[in-house]
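Let me begin by presenting the structure, written as structure tokens, before commenting on it.
The values are calculated or read from the model by the stated rules, or taken from the named source; none is laboratory data. Nothing here was measured: the structure is a model prediction, and the numbers come from that model. All Cβ positions, glycine included, derive from the backbone under ideal geometry; neighbour counts span all protein chains shown.
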């Protein structure tokens, strides 16, 4: 009885702390909006538009057909780039693990080169090599994201419990079966880590890539807004990125993490 009472009390305290943290977060958001509105009231709109105007433009980005094309273009490029980077980076890590003499090339040469190569360098190369469009943006994003996926998956392969793999061979000699039933589940936390990092970084570089070589997307929309001193659209595009990132985390990454987390 005493143990049950202690557990109930601990649970109640935990719920109370979480509720208090949520109330504090909501209060800070409201305070920030009030401060924003107060600051914008004394400034021209091209310097700092108010939250109401930005909110209306943000809604337009997701509802108006002309603007939604740009929002959808950025979203699809990010998702496609993350998938390609995970496949390429993960593939390189697996290849280095399967062919030991390639490990020095992948980990010792390719990984440091890709990690150190400046992002703006990839963007400039894409502007020279490709015509403005989807290919140039995806190229830039994939080139920048590959090392993040490569490092995570490489570390995951190094941390796989060899004893578990050896024990699996006592049940079956089928290598594909061992990989799918034992190796892949052990690697999944690292794959999810690579996916989360790549998804976050992809949104950070999406606008930069689109600013330099695209005729669509939120980055292109911001570049066009800059030419007309439309700060409302610039801020709305930034908030659209935040909203899309948050939606991807909650609707895609979190369910995947729960689905594949160890039980």
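General observations
- Enumeration of residues in segment 56-78 that are over 18 Å from residue 215 (Cα atoms) and touching a residue at least 60 places away in the same chain (Cβ under 8 Å): 57, 58, 60, 62
- Conditions (1) in a helix (DSSP H, G or I); (2) modelled with pLDDT under 85; number of the one not met by residue 216: (1)
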